[in-house]
Each structure stands twice: as structure tokens, then as C-alpha cells.
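Remarks on the structure that follows.
The values are calculated or read from the model by the stated rules, or taken from the named source; none is laboratory data. Nothing here was measured: the structure is a model prediction, and the numbers come from that model. Note that we place each Cβ from the backbone using ideal geometry, even for glycine, and neighbour counts take in every protein chain shown.
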Amino acid sequence: MCNYEGGVTAVISVKKNNETESNESIIRRFVRKVQASGVLLVAKKKQFRQPDQSKRLRRRSAIIRSQRRQERDYLRKIGKLETN
């Protein structure tokens, strides 16, 4: 299963090739398969993804940012706020 976008998780399995194969080599093969499949990249992308805001909320936050910028500029102009 490799449908990442639809919410289905990927299943990656590794079996022992023979009885003498060490656990380290099995883990190495598993890690290589995970990296090749791209599961980690998709998980890292989705980890901090935020849902899209509505147009009204985007506009409101832009207005607030603009007002704060104007306030900062004014305070710098009159000498109440230091410039960097």
C-alpha cells in the first residue's frame, strides 16, 4: 500500500533471506526500503502542515500585520522604539 495522499499508510516488510543473516543487515535493508519508498519525505511534509485559512481570515490577519507595522514605524519615527 503506497497511497500516501489518501490517508492509507505504506506497509514495508522485510524477511530474512537465510537463517545466518544478522539483525543489523535486516535493519539496513529495511531502512533502505523506507528511504527508497519516500514514506519519510511525505510524513515530514505533512508533520507541520496547517489547514488553509479562509479568505476572510487571511485578509484580517493581513490588516492586523499592516496596522502593527504602521504602529512600529510610528514609534520608531518619534523615537520611542530603537531601530535595529
What is the one condition in (1) in contact with a Gly (Cβ under 9 Å, 6 or more places away or on another chain); (2) at pLDDT 85 or above that residue 4 does not satisfy? (2)
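So, in region 28-84, exactly how many residues are within 30 Å of residue 15 (Cα to Cα), basic (Lys, Arg) and within 22 Å of the chain's Cα centre (by Cα)? It would help to see each step written out before you state the result.
Quick first cut of region 28-84, residues within 30 Å of residue 15 (Cα to Cα) only: 28-47.
Keeping just the survivors that are basic (Lys, Arg) gives 28-29, 32-33, 44-46.
Narrowing the set further to residues that are within 22 Å of the chain's Cα centre (by Cα) leaves 32-33, 44-46.
Qualifying residue count for the region: 5.
One line per residue, one yes/no per condition, for (1) modelled with pLDDT of 90 or more; (2) surrounded by 10 or more Cβ atoms within 10 Å (Cβ to Cβ); (3) farther than 30 Å from residue 30 by Cβ:
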| site | (1), (2), (3) |
| --- | --- |
| 46 | no, yes, no |
| 49 | no, no, no |
| 56 | yes, no, yes |
| 59 | yes, yes, yes |
| 62 | yes, yes, yes |
| 68 | yes, yes, yes |
| 75 | yes, yes, yes |
| 80 | yes, no, yes |
All-but-one check, residue 21 against (1) loosely packed, with under 12 Cβ neighbours inside 10 Å; (2) in a loop (DSSP other than H, G, I, E, B); (3) at pLDDT below 90, failing number (1)
Have a look at 42, 14 and point out the one that is of a type outside the set (Lys, Arg), part of a helix (DSSP H, G or I) and at pLDDT below 95. 42
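Residues of region 53-84 being among the polar types (S, T, N, Q) and not in a helix (DSSP H, G or I), which ones? It would help to see each step written out before you state the result.
Here is the first cut: in region 53-84, the ones among the polar types (S, T, N, Q) are 53-54, 61, 66-67, 70, 83-84.
Residues satisfying the conditions are 53, 54, 83, 84.
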